[in-house]
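Bear in mind these aren't lab numbers, they're just calculated from the coordinates by the rules spelled out. Since this is a predicted model, take the numbers as computed values, not measurements. Neighbour counts are summed over all protein chains in view; Cβ atoms, including those assigned to glycine, are modelled from backbone coordinates with ideal geometry.
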Amino acid sequence: MPRKNKLDGEGKLVMKFDPQTIEHLGLKMYSNISKALAELVANAYDADAKNVYINLYDESSNQRIEVADDGEGMTFDDINDQFLRIGRNRRREGFIKSPSGKRKATGKKGLGKLAFFGIGKTIVIETIRKNSGWLTHFTLDWKAILSTHSKDYNPSYIKTKCDKKLRGTTVKVFKLNRKPDFDKEELAIELSKLFNFVRNDFKVYITLNNDKPFLIHNKLKYKNLDKEFEWKFPAVTTRIKAKYTLKKKIKGKIISTKKPLKPGLRGISLFANGRLVNAPEFFGASESSHGYSYFTGWLDVDFIDDLKEDVIATDRQTLNWNFTSTSALREFLKKCMTFLEKDWHDKRNEARQKKIKKVTKVDLVQWYKHLPKEVLESVQPIINAVLGKYSLPEEDGTTSTVVQKLNILVPEYPYYHWRHLHPIIQAAAKADYEKKDYYGAFIEAAKRYITTTRKKSGSRNSDRGMMGEVFGSGKLLLVTKNFKRPDGTDFNQDTYDDIEEGQKFLSMGIVAGGRNPVSHEEIKDLRDSGLFSEKDCLDGLSLLSHLLKRLEGA
């Protein structure tokens, strides 16, 4: 329990500990510099600091790390009763908010103070409590801690008077455990992934050998990532068919990139009240799917900190998923990732289709729409396979080339091969056919054939009568007169006569059997009933094309 001193305390500073605990929780857990510094930054946040400066020094004469903040600072008694007590449950002692009450505290287990032993052997701490006018300077020495036999360690300290306006804490780490080859920007990026502070009144800066301070901010998480798509929470949860009572409290952003991410950059991080509580992962979703190599992002799950159970691991790298509360969250996040992976495929294919359309002028959506079912069932799997195989940006144009050539082989009108139909028939029928007025398309083409026949023959007879008048053996328009065998001899006369009679009866039939009987019916009824379908139209157009070709040679 805290001491009940009226004035700032005196006497000994005491650290109670098991040296093995410090070795395990300090040296081993926080050997990573960014994780160790994250604990000191979190302490500053919990102390209501507005600014934190991480100062790195790699000069051979005085290699060290300093972390200075302008928070509330500590009194002598605070150091003894709070800072030097290892493993105290801060939440049970009522440490839920910062001293001002404006921030929810991020610390929980009271172990973060051991972080500095993960990066150095000698720790010097200077702290001034707000309005106290006293500066306490004390030193923690790793060798001295290990050599103690009483299991009580008494750090040396000095107390001096200072200006009451001063406040804050500075931690200096000397005798670093590894060669300080500091990369300031890389360290800033690593720290940005351990925090998700969005408050405007809390800023963290980093310097190297007193150079210009570099502000650490959330956007560094995605520095140099080529973003393609983005999903924001909780907005996207309305599209996910999965029940979870707290889904509206999940906030954040998941993005996909244009190219696959390196393994260390993949996965979704979870934060609670601004601090990492679960390292990037996909929550049990099948990572064998190609799409997961493109995903990264973060989600705020602040409610995790309010659970009765202590579900956050000491190193803040994973949640304990064995509780009912956390397993429900994990199952929901798994369903979210499954949904997003499918949505990613859809969005990516849509984007690819737009690019393909721009390059090849082939609109896949319209192409598919105009393909008969039996043809679509063969074409679409081929296109999907190509889109799936060449999922990277097509720098070599592979996908576009395949689509373009397949479209040439299987055009939008599979029965209606424009390249084999007469241009006059194409021109007459195209407008109505594209409006799905199949009967209108056939009628326009038939009228064009009738008009062309009338112009060539000069006949004034009725449409059907004209066909019987001008076509046939020995009639005005002979369609076989220019044809001979390859050796130059004439075909048998019966062959000529039969073809001429065929031209007559086919021409009379297309007027009698196609144009006249259904001319008074509604287009929609003809189409939807199947009496005059798209295929009927195309078959009729093919026949008209054949007859018109014969007519031109008459």
Once the dipole of the chain is set up from charges on Cβ (+1 Lys and Arg, -1 Asp and Glu), the residue from the list Gly458, Gly297, Tyr438 lying farthest towards its positive end is Gly297
Which of the lysines could a cross-linker span from Lys249 if the Cα-Cα distance has to be under 19 Å and same-chain partners fewer than 8 positions apart are dropped? Lys104, Lys232, Lys241, Lys308, Lys334, Lys335
Highest average packing first - 329-337, 135-143, Cβ atoms within 10 Å: 329-337, 135-143
C-alpha center-to-center spacing [the range 360-375, the range 117-165] in angstrom: 75
Show me, for the range 169-174, the HN-Hα J-couplings you get by feeding each phi into the Karplus relation (A = 6.51, B = -1.76, C = 1.60, θ = phi - 60°), rounded to Hz, glycine and proline as x. 9, 10, 10, 10, 10, 10
Please identify which residues in the range 424-459 have an amide N closer than 20 Å to a label point set 7 Å out from the Cα of Lys481, following the Cα→Cβ vector. 450-459
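Once fully extended, how much extra length lies between Lys248 and Asn200, figured as 0.36 nm per residue of separation less the alpha-carbon to alpha-carbon distance? All intermediate terms of the calculation are to be shown ahead of the outcome.
Numbers: separation 48, 0.36 × 48 = 17.28 nm, distance 2.39 nm.
Difference between extended and current length: 14.9 nm.
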Once normalised by the length of the range 227-340, the mean sequence separation of its alpha carbon contacts under 8 Å that are 6 or more apart gives a contact order in percent of 28
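Summing +1 for each Lys or Arg and -1 for each Asp or Glu, what net charge is found among the other residues whose Cβ lies under 13 Å from the Cβ of Gly465? Write down the numbers at each step before the final one.
Numbers: positive: Arg454, Arg460, Arg464, Lys475, Lys504; negative: Asp463, Glu469.
Taking every Cβ under 13 Å from that of Gly465, the sum is +3.
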In Å and from the alpha-carbon atoms only, list the Rg and Dmax of the chain. 40.7, 133
May I ask for the Kirkwood hydrodynamic radius of the range 418-552, worked out over all distinct Cα pairs and given in angstroms to one decimal? 15.7
For Glu434 and Lys354, calculate 0.36 nm times their separation in residues minus their Cα-Cα distance, and state this gained length in nm to one decimal. 26.6 nm
Averaging over every viewing direction, what projected area does the convex hull of the Cα atoms of the range 119-264 cover, in nm²? 15.5
Under 5 Å, built H, 5+ apart or other chain: amide partners of Phe271: Val277, Leu299, Asp300, Val301
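P(r) tail for the range 227-340, what percent of Cα pairs lie past 16 Å? Don't jump to the answer; show the numbers that get you there.
On the way: 3700 of 6441 pairs.
Result: 57 percent of Cα pairs exceed 16 Å.
Students often check this: by mean Cβ neighbours within 10 Å, which of 259-272, 220-233 ranks highest, and how do the rest follow? Walk me through the numbers on the way to the answer.
Numbers: 259-272: 17.1, 220-233: 15.0.
Highest mean packing first, the order is 259-272, 220-233.
Compute the relative contact order of the chain as a whole-number percentage, counting only Cα pairs closer than 8 Å that sit 6 or more residues apart in sequence. Could you put the intermediate results ahead of the total?
Numbers: 876 pairs, mean separation 54.5, N = 554.
Over the chain, the number comes to 10 percent.
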Hey, which of these cross-link pairs are over 19 Å Cα-Cα: Lys97/Lys159; Lys193/Lys219; Lys184/Lys221; Lys130/Lys159; Lys259/Lys355; Lys253/Lys358? Lys97/Lys159; Lys253/Lys358
Could you please report the charge total around Arg550, scoring K, R as +1 and D, E as -1 over all other residues with beta-carbon less than 12 angstrom from its beta-carbon? +2
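Which value, in debye to the nearest 20, gives the size of the charge dipole of the chain about its Cα centre, when Lys and Arg are +1 and Asp and Glu are -1 at the Cβ? Let's see the in-between values first.
Numbers: 98 positive and 73 negative charges, 430 e Å.
For the chain, the charge dipole is close to 2060 debye.
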Helical mean residue ellipticity (222 nm; -39500 (n - 2.57) per DSSP H run of 4+; nearest 500) of the chain: -11000 deg cm²/dmol
Taking the Cα atoms of the range 308-369 alone, what are Rg (to one decimal) and Dmax (as a whole number) in Å? 20.8, 60
With θ set to phi - 60°, apply the Karplus curve 6.51 cos²θ - 1.76 cosθ + 1.60 along the range 242-251 and write out the HN-Hα couplings as whole Hz, x wherever there is a Gly or Pro. 8, 8, 7, 4, 9, 5, 6, 8, 7, 10
Taking θ = phi - 60°, what integer Hz values does the Karplus form 6.51 cos²θ - 1.76 cosθ + 1.60 yield along the range 309-316, in sequence order, with x for Gly and Pro? 6, 8, 9, 9, 5, 4, 8, 6
